[in-house]
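Step one of this worksheet: look at the structure below.
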Amino acid sequence: MSSGRDDGEIVRLNVGGSLYTTCRKTLLKDPNSIFPQLLAGGDENSAARHEAYFAVLNDGTLFIDRDGPLFTYVLDYLRSGRLVLSDSFRDTARLREEIVFYQLNGMLRLIAPYYNIRYPNKALLTNGTGSSAASSTTATTTTNPVTESGGYITLGYRGTFAFGRDGQADVKFRKLHRILVCGKAALCREVFGDTLNESRDPDREGIERYTSRLYLKHQCLEKACDTMTEKGFKLVATCSSGANGLATPAHSLIASQSTCSQQELMNQRNSGDYEEQRWAHYTEYVFYREPQVNAVCTITGSHPLSPITSSSFSI
């Protein structure tokens, strides 16, 4: 496409088989991106370097051999200067590769908080001095993300009811032995902090490691649930079942009938230990939290996509 054409003309794009239509001036909004080189002709070295990815079809459509569905985020950014990803978006790494290819340094800064949450062990710098910052733009962007990774955590406990002598207590109090914690080790540590006991889980290497050998230092189920709620988790599933069935502390009821007298059997059935065994149960609660991006970006300077010299917005 020649450089003499008006910036308001319509440009048709075929990106990996997906068709897009936009204005020429939209593609030229970021002067440091790859699009001005393509639409304005560019130098010969640049054209040769990108020859394998671009071609002009017979009808004038510009073909780009890249990911078609992900290009919609690139085009939306060029239109508005913002990056908005849905809660169910899972292609953060692939989108970042597309952004790098199109040389959109401002968009690269905006995706950094999302990328850091999905891949915390590959965190990017977003303060304008890291690898994702645009060295050629006069704008300065500072991003302070609250990186709350998402995932599942399962709380499980074995409980019963505490019975008094001869099983005749007026109030049957709940009795918990231990609250178990299962899930990604790093996520469990983030949620429960110092209340998490890791003594039974010696293998602590690897940020993506999952474990079922953690438990809480306290036995208050409501406190654990409050903690999950405060950290943004929601209950998505639960299950429960009897743990012991009809069994005495030492041996089963059927076996005792052949060796115990009727009075002894009644004493066993009326004992507090027998009632606790009888009412023993195991319950699990499954909690889930979506990856959270709570970041505030402050742009100062002459950002190519916005006439505002100083602004603040939330991602």
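Please treat every number below as a calculation from the coordinates, not as lab data. Source: prediction; values computed, not measured. Glycine gets a Cβ as well: all are built from the backbone with ideal geometry, and neighbour counts include every protein chain shown.
Local charge for Tyr77 was computed over the other residues whose Cβ lies under 10 Å away, with Lys and Arg +1 and Asp and Glu -1, and equals +1. Ranked by the mean number of other Cβ atoms within 10 Å per residue, highest first, peptides 280-287, 52-59 order as 280-287, 52-59.
Label positions at Arg90 and Thr195, each projected 7 Å from the Cα along the C-beta direction, are separated by 3.1 nm. In this label model, Glu290 and Tyr53 are separated by 3.1 nm, measuring between points 7 Å along each Cα→Cβ vector. A simple packing score, the average count of other Cβ atoms within 10 Å per residue, orders the peptides 214-224, 71-81 as 71-81, 214-224, with the highest score first. The H on the amide N of Ser33, modeled in the peptide plane, is under 5 Å from the matching H of no residue at least 5 residues off or on a different chain.
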